[in-house]
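Report on one structure; see the data block that follows.
The values are calculated or read from the model by the stated rules, or taken from the named source; none is laboratory data. From a predicted model like this one, the values you see are computed outputs, not experimental measurements. No Cβ is skipped: glycine too gets one built from the backbone with ideal geometry, and neighbour counts run over all protein chains shown.
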Amino acid sequence: MDSWRWVTDGGLETDLIFNRGVDLPEFAAYPLVWSDQGRALLREYYSGYAEVAARAGRGLRLETPTWRANPDWGAVLRHDETALADANQRAVALMQEIADEWRDRLPEVTVVGMVGPRGDGYVAADGVDPDEAADYHAAQLASFAAAGADAAAVLTMTEPGEAIGVSRAAASVGLPVSVGFTVETDGRLPDGTTLEDAVGQVDDAAPPAWFMVNCAHPEHVLPAVGDSGDWVSRVHGLRVNASTMSHAELDESETLDACDLDVLVPAHRRLEQALPSLEVVGGCCGTDVRHVAALWGV
């Protein structure tokens, strides 16, 4: 924990939906940037994690609420490419405003443009062509770069091809990018690839700045790093789920499983021992500021 550098946030969408009663059609938080009420809600949400960073004496990664702000999901919500570009740039601007409010209280603050999968983060994508993925995600990444984001991140990748495409697209606009894979209860990606092979494939084709694992309970990630080799040094971040349920079970659940911190924190501690390069810690589905504070011990 002494080597950890960055606090990041928790499960934005599940926190807003289940804890704050916010309606997020298609699990999309990015439309909130278009209203005063939505921006105020987001500011309150991210400020909670800034307070955790202040108590921990660590830096803060402000990752934009744009996991769904890509063309296919935008089309479902009837937002065209112009609207999406506006949302992505407004999201960066909001994070920059929050960053400015906290810079004198934190050692570091960075603004990160968040990319999500083209499909559903709980469903395996089928043989994604990396060049097609690069073309698909290029506009969102270009919006982040134009708005002055410091870096980009992609979360909940279900197979290597799309991750390679995102990494290529980020490089094309000059943004360092982190790649986040999710795993099932057996520690493998939803398409069956091992985490080790996924990291290796992306590094061979289009190496990102570093990798993360997100949207899985620590107990589900442990099998992926049990036979750890040099490759685990490329995993610098964790954003875990609160629940021990599988993705399929979570997808069908109508209530929030926020888990018991007495289960989550010890499991996270065991996982930390297998990740010598860990420096970014936050949460994912089912987590809120309480979970992230507990993981940081503050």
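Brief remarks follow.
- Test: residue in region 130-149 that is outside any helix (DSSP H, G or I) and either within 15 Å of the chain's Cα centre (by Cα) or modelled with pLDDT under 95 (or both): no
- Residue within region 174-186 that is aliphatic (A, V, I, L, M), at pLDDT 95 or above, more than 17 Å from the chain's Cα centre (by Cα) and surrounded by fewer than 24 Cβ atoms within 10 Å (Cβ to Cβ) present: no
- A search for C-beta distances below 7 Å between a residue of region 90-105 that is at pLDDT 95 or above and any residue that is of a type outside the set (A, V, I, L, M, F, W, C) and not in a helix (DSSP H, G or I), counting only pairs 6+ apart in sequence or on different chains, returns A91/T64; A91/P65; A91/T66; V92/T64; V92/G113; V92/G148; M95/T64; Q96/G148.
- All positions within region 47-89 that are among the basic types (K, R) and touching a helix residue (DSSP H, G or I) at 6+ places or on another chain (Cβ under 7 Å): R68
- Identity of the residue in region 1-15, out of contact with any strand residue (DSSP E or B) (no Cβ under 8 Å at 6 or more places or on another chain) and surrounded by 24 or more Cβ atoms within 10 Å (Cβ to Cβ), that ends up nearest to G116 (Cα to Cα): L12
- Qualifying residue in region 52-68 (condition: modelled with pLDDT of 95 or more, within 15 Å of A29 (Cα to Cα) and surrounded by fewer than 24 Cβ atoms within 10 Å (Cβ to Cβ)): yes
- Screening A99, A91, A85 for residues that are touching a strand residue (DSSP E or B) at 6+ places or on another chain (Cβ under 7 Å), farther than 30 Å from R188 by Cα, of a type outside the set (V, I, T) and not in a strand (DSSP E or B) leaves exactly one candidate, A99.
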